[in-house]
Amino acid sequence: MVEAAKALIQQYGTNDPFKIANLREMKVVFQPMPEGIRGIYVTLEQQEIYVNSNLSSEWQRAIAAIEIGYSIWRERKQKYPLGEVCVFYENGPMSLEPLSFAAHLLLCGTRFDKGETKEHLSIRTGVPLELVQLLTW
């Protein structure tokens with residue numbers, strides 16, 4: 001999924017998940033959701049990402065990136081037909097591939113300072129620590 005993130009950035013000239021979703025003709029909707037639900041990915045007539053508007057802007061951006069990663073993972077697996085609904089729960093199970101994709105998408109081009117901790121990198125970049133922790137260095 002690292003290569004998929006790099007390829008998407010090269011293709012669209014940005015790592016902004018909202019711009020990428022728009023360029024991929026994915027509808028992004030912000031709305032309040034029950035506690036514990038971060039986002040929903042839906043494929044009916046078109047791909048749609050629903051982002052919990054109660055989340056911080058950092059998490060909203062991360063959720064959009066995760067759901068784009070999920071859509072790519074889904075396309076590669078060719079596992080699910082149209083009409084799928086995937087709910088991303090705060091503590092629910094999810095494949096690591098979309099999460100890893102999001103981490104690499106959001107941090108692509110980021111300079112890592114020598115001796116920098118993942119916690120500091122998260123604070124400095126605004127990328128949630130849960131995603132930064134997926135990186136290996």
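No value in this document is a laboratory result; all are computed from the given coordinates. The structure displayed is predicted, hence computed values, not measured ones. Note that we place each Cβ from the backbone using ideal geometry, even for glycine, and neighbour counts take in every protein chain shown.
May I ask for the angle, rounded to the nearest 10°, between helix 57-77 and the longest principal axis of the chain, with both axes built from Cα atoms and the value confined to 0 to 90°? Here the helix axis deviates by roughly 60 degrees. Each 10 Å bin from zero holds the following percent of Cα-Cα pairs in the chain: 12, 45, 35, 8, 1. By the count of neighbouring beta-carbon atoms within 10 Å, fewest first, Leu106, Leu23, Leu44 end up ordered Leu44, Leu23, Leu106. Taking other Cβ atoms within 10 Å as a rough exposure proxy, Glu130, Glu119, Glu97, Glu25 sort from fewest to most as Glu25, Glu119, Glu130, Glu97.
The ranking of Ser95, Ser122, Ser100 by Cβ neighbour count inside 10 Å, starting from the fewest, reads Ser95, Ser122, Ser100. Take every pair of alpha-carbon atoms less than 8 Å apart whose residues are at least six positions apart; their mean separation over the length of the chain yields a relative contact order of 27 percent. Between Gln46 and Glu25, the simple label model (points 7 Å from Cα in the Cβ direction) yields a spacing of 0.8 nm. Farthest toward the positive end of the dipole of segment 2-132, out of Ile123, Tyr50, Gln31, is the Cα of Ile123, where the dipole comes from beta carbon charges about the Cα centre. When both bridge partners sit in the chain, DSSP labels roughly 65% of those beta bridges antiparallel.
Dividing the summed helix terms, -39500 (n - 2.57) for each DSSP H run of n ≥ 4, by the number of residues in the chain produces a 222 nm estimate of -13500 deg cm²/dmol to the nearest 500.
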